[in-house]
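The values are calculated or read from the model by the stated rules, or taken from the named source; none is laboratory data. This one's a predicted model, so the numbers in the text were calculated from it and none came from an experiment. Methodologically, a virtual Cβ is constructed for each residue, glycine included, from the backbone with ideal geometry; neighbour enumeration extends over all protein chains shown. Only protein heavy atoms, including side chains, enter the accessible area calculation; ligands, DNA and RNA are left aside. Shrake-Rupley method; radii C 1.70, N 1.55, O 1.52, S 1.80 Å.
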Amino acid sequence: MYRATIIDFEQGCKCLEAGVSELKRILEEETSETRIDPKQYLELYTTIYNMCIQKHPHDHSQRLYNKYHDIVEHYAKKTVLPCVQQKHDEYLLRELSRRWDHYKVFVKWLSHFFNYLERFFIPQRNYPSLLEVAMKSFRNRVYLEVQVNAKDVVIALIDKEREGAQIDMELLKNVLDIFVQSGMGTIERYKEDFEMFLLEETESYYARKASRWIQECSCPEYMIKSEESLKKEKERVTHYLHSSTESKLVEIVQDILLVSVAKHLLEKEHSGCSALLRDDKTDDLSRMYRLYHPIPKGLEPVADAFRIYVAREGNALIKQAQDAAANGSLVEAQVLVGKIIDLHEKYMVYVMDCFKNHTLFHKALKEAFEVFCNKKVAGSSSAELVANFCDSLFKKSGNDKLSDEAMEATIDNVVKLLDYISDKDIFSEFYRKKLARRLLFDHHKVNKEHETSMITKLKRQQGGQYTSKMEGMVTDMQLAKEFQKGFKGSLTAKPGGIDLAVTVLNTGFWPSYKTSTDLNLPREMVECVEAFKSYYGTKTNQRKLRWLYSHGTCHVIGSFDPKPIELVLSTYQAVVLCLFNNTERLTYQEIIEQLNLSHEDLVRVLLSLSCAKYRILNKEPASKSISTTDVFEFNSKFTSTMRRIKVSIPPPPIDERKKVVEDVDQDRRYAIDACIVRIMKSRKVLPHQQLVSQCVEQLSRMFKPDIKMIKKRIEDLITRDYLKRDAKNHHIFNYVA
Amino acid sequence: MPRTASKPKKKRSKPYTVTSSDTVSVPSASSETKKSSKEKDGKYKLFNKYANASSGVIDPEGIEKLCSKLKVSHTDIKILMLAWKMKSERQGYFTKAEWRRALKALKVDTIKKLKKALPELEQEVRKPLNFSDFYAYSFRYCFTDEKQNCVDIETICQLLDMVLGSTFRDQVDHFVNYLKIQNVYKVITMDQWMGFYRFCNEIIFPDMTNYSLELAWPSILDNFFEWMREKQA
């Protein structure tokens, strides 16, 4: 509507004020709809519009802007503030909330009236917007006056809610919104005038609770309460607090309830971590993990408690076996490895389930096992025990006592266990020796799949070099079988009338055995040896065969008077008996001279043939031991119900353990030497301590080197001119090229 | 302009000498004859007095005679120092060249002068730089075999007493004691020998508060240290 007349400022204001009063009245009435009469609205808008577009000097934009400011100031100061200040406690909040809502509506409509200013005047002058002006006025006139009291009431209400009372969450939400808005674009007012105090109060609240709960509650109960508290605080945030408060609240609650009491809580005697593990309380343990996981370094005490507990359990097993051994029983030592494996499986389940496969707990489990897996029981190192365990495992498997899956699972467990043992090279030596015996003496009982599976798994974990000899041994057996076929095929007749089977072993792979090449074989056997030798010579190039008669077996038919019986014997036993093919009686001296066996070996053989279960030979005198003056005679009257009997011979009493330890020690010396030279070659100059620590690190995959031994090897290498001491500093070494 | 500035002018008048230094390794025959022939005769005369006529070297018997003339015991360190000075290669024997070397260096040609020169020699050898060389030499001097590289414990005990006894009495006494009691080591290597010398020089004795097992002291000294500690406890 175009007006020709100029609107005078005072005139316009009058109109405005009327509209404002109307607005105020409507708000006071609080009818459900706050509606200004459209005609009045339009009039107000147009008045202002016109006052703005009037030509100078009647262009009242600036004065209108100021007028707007005055209006909101006045409303805030004279209407809103007094109403709020009259009230207390919750009523204060209600009034504040109500007045705030009114103010917002008031400002909204007012801004509609003054809208034209927003379009050109304000942007042009870069003035604060109408909303900003209004907000500022509210903040300065109302907020700053009442915020302290409001804050106190809010916090008191929150405390009540914490104690279980129901409170008006919408009210709080609205009130806190005032704090937020009063920040005018920043969160500062909310933080400094409210949040800070809330956090303080929260801290003292939970401190009180914590000190009570920790005394009264068991660990699981306490954790449940803590979990509840955290849940409630988070809900509180979603209901009426600003979202930025959540992380701070959570941190405080965690800190007070969980971190500061961690030690006390976890170590509670009847319900703490170790009790929970003992009683298999997986739910509680999972809760513990959940609670401590978000806290930085929070899981460390839990993992520690876990490690200590597992180590204790393991140590108990070890002690049990050690005590039993001290009392003469070795059974405990034999089942020990199986028990340790079971223990490992049990606690691995915890790591995976309750502790969600967290690396800290894998590490704790590993460290716990490393503690007790390296203790000795009855003079045997753990490496030896595990090797024994494997030996019995594979001997059993031939009898199908374990299903394939169960066998594979056990193999997996053994390989895992090996990871905890520091003297891995000792294990490999023992394992190799026992593998050799299994392959050579029990080859019909050996399950090739299982043996290879173990070796493959060991290879995967420890590297090819670790298992190369074992693999070689298994391959040898395979090759020997094939070679034997070729040999058999090449024969036109049985050499010496004997069915000969030869297994050729590669010296490098197999343990060293004492040879007995001086043994005088009977003619028939000599023919066998020669036949094989010539065949072997045609198939290979310049290789020397060393015959291990000590490890052979013979099937001999004994033509006894009652009936012939097949005897399964060792080669030594067979050779002794064959002597009696030529004469009926022989003295000990004659036997030893004719055969060239060592005294110890011959005694064992004769014992097995004349004083043990089966009397193949008669001995004069018929005592239970062999003396060099004894005379032996073929027992033609010998008989048995069976058609074939195995005459066992006890193995020579070598101290296998001692030999293994000696061999390993020697290998270690070479390994240390090689390691030192390798390091010095690449570094050229190195101080003593660094050389030692690098050496330890490099060798730790195989064994834990003794520092003193390393030192000795260094000195030896100095004497052999591989290294020398630095002329200026005798604690530094130089590589000698 | 002189071709080489290092050539001293006064030597131009003698056509046969090459340098002016005294440590000529291969002196030209004529210069030798021209130089102090009087002295040379004296040294050789002295040498022949003690040398074994058939072998042409001074043997242990000769050295004993020499020692009694010099009024020192043949286990006196001064004789060992004399051996060092002459760079003697074989214990108990002095060759002609070795003899000449020492006497020339000491500037003596009679027994009387040699006797007088011995205390000065000792002073010279005891200077730190010379002494460590002498110390190493005394170890090598014990070798009876070309390929030998270590010395038996008994000889070491005597040698330690002779060589370090006057300066490090305490250390030597304790260490020799230890060597006799222990049965791990049957011989001592050069590295261990030198190690002990360093030990005497660097480590406070008998407190040994500045000794550390973490450093690169030879293992035998580590064992010695631990043994001492046990005794002191």
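Given the criteria of a type in the set (D, E, K, R) and open to solvent by 50 Å² or more (accessible area, probe 1.4 Å), does A:E235 qualify?
Yes; evaluated as a whole, the condition is true for this residue.
If a residue has to be crowded, with 17+ Cβ neighbours inside 10 Å and over 20 Å from B:P218 (Cα atoms) to count, how many in the stretch A:669-678 make the cut?
Number satisfying all stated conditions: 1.
Would you point out which residue out of A:K539, A:K533 is open to solvent by 80 Å² or more (accessible area, probe 1.4 Å) and free of Cβ contacts under 8 Å to residues at least 40 places away in the same chain?
Every option except A:K533 fails the conditions.
Select, from A:D159, A:D70, the only residue that is without any contact (Cβ under 8 Å) to a residue 40 or more places away in the chain and assigned to a helix (DSSP H, G or I).
Of the residues listed, the single one that is without any contact (Cβ under 8 Å) to a residue 40 or more places away in the chain and assigned to a helix (DSSP H, G or I) is A:D70.
In the stretch B:202-215, how many residues are open to solvent by 40 Å² or more (accessible area, probe 1.4 Å), within 11 Å of chain A (Cβ to nearest Cβ) and either hydroxyl-bearing (S, T, Y) or under 21 Å from B:Q232 (Cα atoms) (or both)?
3
Return only the number of the condition from (1) within 30 Å of A:F114 (Cα to Cα); (2) hydroxyl-bearing (S, T, Y); (3) in a loop (DSSP other than H, G, I, E, B) that A:S137 does not satisfy.
(3)
So, in the stretch B:180-196, of the ones that are loosely packed, with under 15 Cβ neighbours inside 10 Å and within 11 Å of another protein chain (Cβ to nearest Cβ), which residue ends up nearest to A:I718 (Cα to Cα)?
B:V187
Looking at the structure I just gave you, is B:M162 within 14 Å of another protein chain (Cβ to nearest Cβ), aliphatic (A, V, I, L, M), open to solvent by 20 Å² or more (accessible area, probe 1.4 Å) and within 23 Å of B:K87 (Cβ to Cβ)?
no
Going by the conditions given, is B:N177 surrounded by 13 or more Cβ atoms within 10 Å (Cβ to Cβ) and either at pLDDT 95 or above or away from chain A (no Cβ under 11 Å) (or both)?
So B:N177 passes the test.
Kindly indicate whether A:V105 is β-branched (V, I, T), within 30 Å of A:D152 (Cα to Cα) and open to solvent by 30 Å² or more (accessible area, probe 1.4 Å).
So A:V105 passes the test.
Going through the stretch A:546-575 one residue at a time, which ones are in a loop (DSSP other than H, G, I, E, B) and surrounded by 14 or more Cβ atoms within 10 Å (Cβ to Cβ)?
Within the stretch A:546-575, A:W547, A:L548, A:G552, A:F560 qualify.
Restricting attention to the stretch B:216-225, does a residue exist that is open to solvent by less than 50 Å² (accessible area, probe 1.4 Å), more than 24 Å from B:D133 (Cβ to Cβ), within 12 Å of chain A (Cβ to nearest Cβ) and touching a residue at least 40 places away in the same chain (Cβ under 8 Å)?
Yes; the residues of the stretch B:216-225 include at least one that is open to solvent by less than 50 Å² (accessible area, probe 1.4 Å), more than 24 Å from B:D133 (Cβ to Cβ), within 12 Å of chain A (Cβ to nearest Cβ) and touching a residue at least 40 places away in the same chain (Cβ under 8 Å).
Would you mention how many residues in the stretch A:104-159 are of a type in the set (D, E) and more than 30 Å from A:C15 (Cβ to Cβ)?
Of the residues in that region, 3 qualify.
Considering each residue of the stretch A:697-718, count those that are open to solvent by less than 90 Å² (accessible area, probe 1.4 Å) and either of a type in the set (S, T, Y) or away from chain B (no Cβ under 12 Å) (or both), and give that number.
Residues that pass the stated criteria total 6.
Every residue in the stretch A:169-188 that is free of Cβ contacts under 8 Å to residues at least 60 places away in the same chain and open to solvent by 60 Å² or more (accessible area, probe 1.4 Å), please.
A:Q181, A:M184, A:G185, A:T186, A:E188
So, in the stretch A:609-648, how many residues would count as being β-branched (V, I, T) and not in a loop (DSSP other than H, G, I, E, B)?
2
Can you tell me which residues in the stretch A:484-506 are within 19 Å of A:M473 (Cα to Cα) and open to solvent by less than 30 Å² (accessible area, probe 1.4 Å)?
A:Q484, A:V502
Can you name the residue in the stretch B:110-151 that is assigned to a loop (DSSP other than H, G, I, E, B) and over 16 Å from B:A83 (Cα atoms) and, of all such residues, is farthest from the other protein chains (Cβ to nearest Cβ)?
Among those that are assigned to a loop (DSSP other than H, G, I, E, B) and over 16 Å from B:A83 (Cα atoms), it is B:T110.
Assess whether B:E154 counts as being more than 14 Å from chain A (Cβ to nearest Cβ) and within 16 Å of B:I220 (Cβ to Cβ).
yes
Check the stretch A:719-726 and report whether any residue there is part of a helix (DSSP H, G or I) and either more than 14 Å from chain B (Cβ to nearest Cβ) or modelled with pLDDT under 95 (or both).
The answer is yes, given that some residue of the stretch A:719-726 is part of a helix (DSSP H, G or I) and either more than 14 Å from chain B (Cβ to nearest Cβ) or modelled with pLDDT under 95 (or both).
Which count do you get for residues in the stretch A:493-520 that are modelled with pLDDT under 85 and in a loop (DSSP other than H, G, I, E, B)?
9
Quick check on the stretch A:685-696. Is at least one of its residues open to solvent by 90 Å² or more (accessible area, probe 1.4 Å), more than 19 Å from B:Y211 (Cα to Cα) and more than 9 Å from every other protein chain (Cβ to nearest Cβ)?
The answer is no, given that none of the residues of the stretch A:685-696 is open to solvent by 90 Å² or more (accessible area, probe 1.4 Å), more than 19 Å from B:Y211 (Cα to Cα) and more than 9 Å from every other protein chain (Cβ to nearest Cβ).
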